Amino acid sequence: MPSLITRQSKLLLPLLTGLAGLLLVLTGVTQRLDYWFYDAALSHHTLQRAADDPILIEVDNHSLAEMGSWPWPRELHARLIDQLQYAKAVGLDIVLAESVMASSRPDQSLATAMQRNGKVVSPVFPESSGNTLTETRPIPLLAAASNRLGHTDFERDGDGVIRRVYLQAGLGSPDFPAFAQAILDVAQGRPAPALPALFESPGASWVRQQEVMLPFGKGEEPFQRMSYIDALASASKEEFRDRIVLIGVTATGLGDMHSTPVSDNASGMPGVVINAYLLHGLLHGDSIQPLSLPQQLGLTLLLIVLLDYLLSPWWRRRGVMPAYAITALLLAAGSLMLLSWGRIWFAPASAILALLLSGFCRFILRQASLQTLATTDGLTQLANRRHFDEVFALSLERQRHASQPLAFVLLDIDHFKLYNDQYGHYAGDVVLKRVAHVLRESFQRKGELPARLGGEEFGVLMPGSTMQDALEAAEGFRQHLESLDLPHDGSPLHKVTCSIGVAARIPQPDDTYQRIYEDADGALYIAKRSGRNIVSPASR
């Protein structure tokens, strides 16, 4: 039994555990745990502002108080764009999808300023109109005046939090780079692509590619904030020389607000701030690359099978659960190091949970193995005397309460001491195993329990069997053993035989385990006195 458990746990459990891990990944059961782990890891990642990090010019509460309610005249945006003529790139993260109805001059003024600057990136994003998904861009005049367009689409995870973005996306096909990527492309002097034609097709979906995790962290924000009014009224053009600039709305109640791992979920984080974090990550190679689904599945399977296989020898030790728990902690630490140093995100929850599940299974196997060792005779693998006595006492009470018969078969190998003296104890052990094997074959009915009671003495408990039933079963066993013709020159029959005593009745109130045992033992004594190799019933 233990060797069988060892082989099965060594080979089968790692594979089953690996399959369980794959199911956890595919079903997304552990996503919330992975989200928590990722957010906790980010909370320990310290960000530092660099000299070339972006400047965020924000339409904040201070600017609104000074310049009046939103939206502002587009001539103000034109003045600000002219103020940024020395900037490396300008990301104008403000929705300008409709023309000013009263006059075309505001739109033309802003378009002219954008053309003079030549480095302005404008946003494009998906919007739902009924059951149709549309692509919202700046008005054609401003879109044409932009250096290029970049999408400002963020994907929400299952818990409503934004942790990832796609570097390419678009309606029908991923034609647009992420807004932060487009800004970086301008800053690095990459040629502007042709503006994709407006895609109009009912039922078209928003297509995403090149997923990255947003590089949030603790510490100071990796960008410089400047109020819109200050940038327009008091800052010099030189302050923006060779800097990347984003312009967007951060004032309370305006613009798009999103829940992120590092934001106050009550107020959220403005989209332009999320883009500033992403731009910092792209600029410094600090963005986080998640594993693709095939990569996640493959690494999860490899880690589970390998670690579980290496841990499999621990199943027989007391520390099996601590060993698996420590390994799970090391796996979590490895994921954290991969995230911190390699900027690669491996979601570890499925592998951790599968390993802990395997550890628990191995703990149960160990407990079952210990129970088997405690109740089984080591040589014959039959029940031992202690377990037999416990079951006998319980069966006696149960049969007495139900007024049902209980039979007890007691047998002894004939002339076994002479066998050991002539053939040796190793050969004697072989005979004991053969007798045990025949016992198992002969007593297979439900509830029947064969056991080795000590030395060459065996017993069989037969709940529900009458004396006639027990005698027939015992005689069948005797004949089967005799037919094996196991050589025994110390016996008058020159082969291994046994003598058997049988006690059977409906237990009475004064019946005890000892009394029934003594009755069977008396019948066994009669069998031996009558020439051995026979079955003798008890007189009571």
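For region 498-540, the alpha-carbon coordinates run over 35, 15, 14 Å along the three principal axes, in decreasing order. Among 70-80, 86-96, 189-199, 353-363, sorting by the average number of other beta carbon atoms lying within 10 angstrom of each residue, highest first, gives 86-96, 353-363, 70-80, 189-199. Rounded to the nearest whole angstrom, the semi-axes of the ellipsoid equivalent to region 385-537, taken from the Cα gyration tensor as √(5λ), stand at 28, 14, 14, largest first.
Gain on full extension, evaluated as 0.36 nm per residue between Asp429 and Phe363 minus their Cα-Cα distance, stands at 20.5 nm. The shape of region 171-302 can be summarised by an equivalent ellipsoid whose semi-axes, obtained from the alpha carbon gyration tensor, come to 29, 22, 18 Å from longest to shortest. Here each label is just a point 7 Å from Cα along the line to Cβ, and for Ala51 and Leu302 those points are 4.1 nm apart.
Length gained on full extension, Asp39 to Glu472: 148.6 nm, using 0.36 nm per residue less the C-alpha separation.
The modelled label-to-label distance for the pair Ala144/Leu293, using points 7 Å beyond Cα in the direction of Cβ, is 4.2 nm. Debye-formula intensities of region 170-212, expressed as log10 I(q)/I(0) at q = 0.13 Å⁻¹, are -0.35 (one equal scatterer per alpha-carbon, no solvent).
Partner lysines whose Cα lies under 30 Å from the Cα of Lys88, excluding those fewer than 8 positions away in the same chain, are identified as Lys119, Lys218, Lys237. Taken along the Cα-to-beta-carbon direction at a fixed 7 Å, the label points for Arg225 and Arg398 span 7.4 nm. Among 334-345, 175-186, sorting by the average number of other beta carbon atoms lying within 10 angstrom of each residue, highest first, gives 175-186, 334-345. One decimal place: the segment Met337-Thr27 gains 109.0 nm when fully extended, by the rule 0.36 nm per residue minus the C-alpha distance. Using equal-weight Cα scatterers in the Debye expression, the normalised intensity of the chain in log10 at q = 0.08, 0.10 Å⁻¹ is -0.67, -0.86.
Only aspartates and glutamates eight or more places from Lys417 in sequence, or on another chain, were considered; those with a Cα closer than 14 Å are Asp429, Glu456, Glu457, Asp489.
A short reminder: the numbers here are calculations on the coordinates, not readings from a lab. These numbers come from a predicted model, not from an experiment. Cβ: placed from backbone, ideal geometry, glycine included. Neighbour counts: every protein chain shown.
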